[in-house]
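Since the structure comes first, as structure tokens, the remarks are kept for the end.
The values are calculated or read from the model by the stated rules, or taken from the named source; none is laboratory data. Just so it is clear, the model here is predicted, and its values are computed rather than measured. Positions of Cβ are backbone-derived with ideal geometry, glycine not excepted, and every protein chain shown enters the neighbour counts. Please note that ligands, DNA and RNA were not included when accessible areas were found on the heavy atoms of the full protein model with its side chains. Shrake-Rupley method; radii C 1.70, N 1.55, O 1.52, S 1.80 Å.
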Amino acid sequence: MNEPSAPTPASLRAKFAAALGDGQPSEWLTAFATVPRELFVPRFHQQDGHGRWHEVSDGDPGYLETVYSDTALTTQLDEHGLPTSSSSEPRLMLAMLDALGATPGDRLYEMGLGTGYNAALLSSVLGDDSVVSVDVDPELVRLARHRLAAAGYYPFVCAGDGAEGRAERAPYDRIIATAGLRHIPPALLSQAHEGTVVVAPIGYGVVRAVVSGGGEAAGRFLPVPAFFMRRRGPARNPDFSGVERAVAEATTVPVSDVLDRLRFPLSLALPGYSTCSWRDETGQVTGVGLWAEDGSTATAHAKGTVRQIGPERLWDTVERLVSVFPKGVPAREDFGLTITPDGQRYWYRDPKGPCWPAPSG
Ligand SMILES: C[S@@+](CC[C@H](N)C(=O)[O-])C[C@H]1O[C@@H](n2cnc3c(N)ncnc32)[C@H](O)[C@@H]1O
């Protein structure tokens, strides 16, 4: 009897695209069924249960099946083993592409070329000449350009800080960021026009805003959870030894709120914050740590104590959030963004409701 033949990339890709759609129509599904993802991620890194990274390459067992699954694939690590580039989860990519509402011929700007896979999907629907994509890492741009050409796509790609846009190719009808932002970069807004749709990851969510001219834009967050690697920049480490010397104060906030229930609103109220947790042998959370890029650090213990140091009292922000959201998980799509020439702010339910200013830098 003959061995059953191994699935081909094309057959896996067709199944993958059909599964992504969940029976909902989207013109982007044809792009997912057409663009060979394996060309853009010939190798990626996978973390085992101990946090160690292992490289998986084309030809390894399970490689193609993982490429054609709804998995974010880490493609680059820094010297500390922290991911610096990836091909995002395809279902999230689809949600963002759908939210863009782009049609063939629309001029599109992408911040965060990465592997080039999204740029290939965009090029396949909008046309090569319509797509501009920028990555901060010149080596990634070199690789992506090569892989895009191998797949038959020729968008304009270049290295640089994507937050600055590419003014000489503006104005753009659609702008997408695939690197985590804390606000919509003003340079990108100045390269848009009235009606331009901007889709960008902010904190643990993705916002869709429409530009209305005069430096103004407004929109809401998509219901999908998301976390994108941040736009690269300087950051300070947490000062856990310093915070241990601070006076303990009382808190009634359950520490797990920071990790789950309030994770998304906290990412708007404390842009760019990081968090970690400590657990006992049963897996129960016993404490959480929070830190910001200016070095402000807070640790909270499940026993109801908190310590905080630095320019910003991070736990005070957590307490204020609990007063706005005393219970339940607030829905992402109830949050919005308003941009005026005076600044950008996030709000809950109503632009005049509870709001949090977006950092300007
Ligand atoms: C999640 S990956 C992008 C995924 C990509 N769209 C794809 O399809 O593979 C995020 C990328 O943003 C890039 N990035 C980070 N900061 C950036 C910046 N300031 N300007 C442009 N790209 C940036 C990173 O180098 C990384 O490649």
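Pick out the one residue from Ala163, Ala226, Ala246, Ala217 that is assigned to a loop (DSSP other than H, G, I, E, B), surrounded by 15 or more Cβ atoms within 10 Å (Cβ to Cβ), modelled with pLDDT of 90 or more and of a type in the set (Gly, Ala, Ser). Spell out the reasoning first.
Details: Ala163 fails: assigned to a loop (DSSP other than H, G, I, E, B); Ala226 fails: modelled with pLDDT of 90 or more; Ala217 fails: assigned to a loop (DSSP other than H, G, I, E, B).
Answer to the check: Ala246.
Of the residues that make up the stretch 198-208, is at least one of a type outside the set (Ser, Thr, Tyr), in the same structural domain as Leu92 (by TED's automatic domain parsing) and farther than 21 Å from Glu89 by Cα?
First, the residues of the stretch 198-208 that are of a type outside the set (Ser, Thr, Tyr): 198-203, 205-208.
Remaining after also requiring in the same structural domain as Leu92 (by TED's automatic domain parsing): 198-203, 205-208.
Imposing the further condition that a residue be farther than 21 Å from Glu89 by Cα reduces the set to none.
Within the stretch 198-208, not a single residue is of a type outside the set (Ser, Thr, Tyr), in the same structural domain as Leu92 (by TED's automatic domain parsing) and farther than 21 Å from Glu89 by Cα.
Which one is farthest from the ligand (Cβ to nearest atom), of the residues in the stretch 101-140 that are at positive phi and buried (at least 23 other Cβ atoms within 10 Å of the Cβ)?
Taking the stretch 101-140 first, the residues at positive phi are 101, 105, 112, 114, 116, 127.
Still in the running and buried (at least 23 other Cβ atoms within 10 Å of the Cβ): 112, 114, 116.
Working: Gly112: 3, Gly114: 3, Gly116: 6 Å.
Ranking the qualifying residues of the stretch 101-140, first place goes to Gly116.
Check Tyr109 against each of (1) aromatic (Phe, Trp, Tyr); (2) more than 24 Å from Leu188 (Cβ to Cβ); (3) assigned to a strand (DSSP E or B) and name the one condition it does not meet.
Tyr109 satisfies every listed condition except (2).
Results for (1) under 15 Å from the mean Cα position of the chain (by Cα); (2) farther than 17 Å from Leu113 by Cβ, shown as yes or no for each residue.
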{"residue": "Ala144", "(1), (2)": "no, no"}
{"residue": "Tyr153", "(1), (2)": "no, no"}
{"residue": "Gly162", "(1), (2)": "yes, no"}
{"residue": "Ser190", "(1), (2)": "no, yes"}
{"residue": "Val197", "(1), (2)": "no, yes"}
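Could you please find all residues in the stretch 314-341 being open to solvent by 70 Å² or more (accessible area, probe 1.4 Å) and over 15 Å from Ser267 (Cα atoms)?
Within the stretch 314-341, the first condition is being open to solvent by 70 Å² or more (accessible area, probe 1.4 Å), and the residues that meet it are 320, 323, 326-327, 329, 333, 341.
Selection gives Ser323, Pro326, Lys327, Pro341.
Inside the stretch 166-188, can you point out the residues that are among the aliphatic types (A, V, I, L, M), part of a helix (DSSP H, G or I) and either open to solvent by 50 Å² or more (accessible area, probe 1.4 Å) or within 22 Å of Gly105 (Cβ to Cβ) (or both)? It would help to see each step written out before you state the result.
At the first step, the residues of the stretch 166-188 found to be among the aliphatic types (A, V, I, L, M) are 167, 170, 175-177, 179, 181, 184, 187-188.
Keeping just the survivors that are part of a helix (DSSP H, G or I) gives 167, 187-188.
Selection gives Ala167, Leu188.
Given the residues Arg142, Arg169, Arg147, which is the only one that is more than 18 Å from Gln76 (Cα to Cα) and not hydrophobic (A, V, I, L, M, F, W, C)?
Working: Arg142 fails: more than 18 Å from Gln76 (Cα to Cα); Arg147 fails: more than 18 Å from Gln76 (Cα to Cα).
Criteria check complete, one pass: Arg169.
If we keep just the residues of the stretch 231-243 that are out of contact with any Phe, Trp or Tyr (no Cβ under 8 Å at 6 or more places or on another chain) and open to solvent by 90 Å² or more (accessible area, probe 1.4 Å), which is modelled with the highest pLDDT?
Quick first cut of the stretch 231-243, residues out of contact with any Phe, Trp or Tyr (no Cβ under 8 Å at 6 or more places or on another chain) only: 231-235, 240-243.
Checking the rest, the ones that are also open to solvent by 90 Å² or more (accessible area, probe 1.4 Å) come to 231-232, 234.
On the way: Arg231: 61, Arg232: 57, Pro234: 55.
Filtering the stretch 231-243 for residues that are out of contact with any Phe, Trp or Tyr (no Cβ under 8 Å at 6 or more places or on another chain) and open to solvent by 90 Å² or more (accessible area, probe 1.4 Å), the one modelled with the highest pLDDT comes out as Arg231.
Residue check: is Arg145 of a type in the set (Lys, Arg), free of Cβ contacts under 8 Å to residues at least 40 places away in the same chain and not in a loop (DSSP other than H, G, I, E, B)? Write out each step before concluding.
Details: of a type in the set (Lys, Arg): yes; free of Cβ contacts under 8 Å to residues at least 40 places away in the same chain: yes; not in a loop (DSSP other than H, G, I, E, B): yes.
Answer is yes for this residue.
Considering only the stretch 176-187, I want to know if a residue exists there that is under 24 Å from Ser123 (Cβ atoms), within 13 Å of the chain's Cα centre (by Cα) and among the hydroxyl-bearing types (Ser, Thr, Tyr).
Yes, the conditions are met somewhere in the stretch 176-187.
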